[in-house]
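For reference, the structure is listed below as structure tokens.
Derivation of every value follows stated rules applied to the coordinates shown; laboratory data play no part. Because the structure is predicted, anything quoted here is derived from the model rather than measured. Note that we place each Cβ from the backbone using ideal geometry, even for glycine, and neighbour counts take in every protein chain shown.
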Amino acid sequence: MNETAANYRSVLARIARAQAAGGRAPGSTALIVVSKTFSADEIEPLLALRQKVFGENRVQEAQAKWPQLKVRHDGIQLHLIGPLQSNKAGEAVALFDVIETVDREKIAAALAAEIKRQGRAPELFVQVNTGNEMQKAGIDPKDTGAFIKSCREKHGLAIGGLMCIPPAGEDPVRHFELLAKLAKENGLAKLSMGMSGDFEAAIGLGATHVRVGSAIFGSR
Ligand SMILES: *Cc1c(COP(=O)(O)O)cnc(C)c1O
């Protein structure tokens, strides 16, 4: 077994343990394997182990490797986890199964138009900037409720969940708790939170999706 496959098995075991420790049902947290910067050849061992859910942060990079992989492997679910420009909305709707980074009116409008035009509707998550960081994408926590309402009522979009990336170097717990609270307030069942360094804590606080890259593939 190669190193990536061994790391992958160990992450799955850690997810199962965190679910048990947190009183979560087995299988209640999906592992999104974050394959950004890694080639199709490096991803193949995980596809061979029947991993189906992957995350990419750039539309162009995903376009270069995933259409061919999707032809060879059934049931792939591809998540966009990086910022989306409105001029890439068409390509994102065509390729991704879940877009986790809806965070402003302009993107909501562009996605609504493309979903209508293409007749293909990826699941959508709203990204929340839980740390109010200037440089980071995501909607301000205090504007999240109004934005979700606008996505639903003005743009006719179904929102499935929330996503956050806590500030680097800060205890993520407060951010995970805030995201869970906002999801509850807005009637959303899905929470994408937790990365290589903190996915167990996120599972304890209700993550339905964790996004793990370097703990599986090694450092980028
Ligand atoms: C890169 C990335 C991850 C994975 O990070 P690791 O620390 O390598 O697990 C998760 N979420 C987002 C949004 C990312 O860009």
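Report the gain in length on full extension from LYS181 to GLU44: 0.36 nm times residue separation, minus Cα-Cα distance, nm rounded to one decimal.
Details: separation 137, 0.36 × 137 = 49.32 nm, distance 3.72 nm.
Extending this stretch completely gives an extra 45.6 nm.
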Legend entry - Alpha carbon centroid spacing (whole Å) that separates the stretch 137-207 from the stretch 1-37: 20
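Would you please classify the overall shape of the chain from the alpha carbon gyration tensor, given that a ≥ b ≥ c denote the square roots of the eigenvalues, rounded means a/c under 1.5, and beyond that prolate means a/b larger than b/c while oblate covers the rest? Write down the numbers at each step before the final one.
Values: a/c = 1.76, a/b = 1.15, b/c = 1.54.
Judged from the Cα gyration tensor, the chain comes out oblate (a/c at least 1.5, b/c at or above a/b).
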Inset, instruction - Specify which residue in the list MET163, ILE216, ALA202 is farthest towards the positive end of the charge dipole of the stretch 132-220, using unit charges on the beta carbon of Lys, Arg (+1) and Asp, Glu (-1), about the Cα centre. - result: MET163
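Just want to confirm a number: the relative contact order over the chain, from Cα pairs under 8 angstrom separated by 6+ residues, in percent. Walk me through the intermediate numbers first.
Working: 395 pairs, mean separation 47.1, N = 220.
It comes to 21 percent, rounded to a whole number.
Taking the mean number of other Cβ atoms within 10 Å as a proxy for protection, how do you rank 136-145, 105-114 from highest to lowest? If you can, show how the numbers build up before the last one.
Details: 136-145: 17.0, 105-114: 19.0.
Descending packing order for the listed peptides: 105-114, 136-145.
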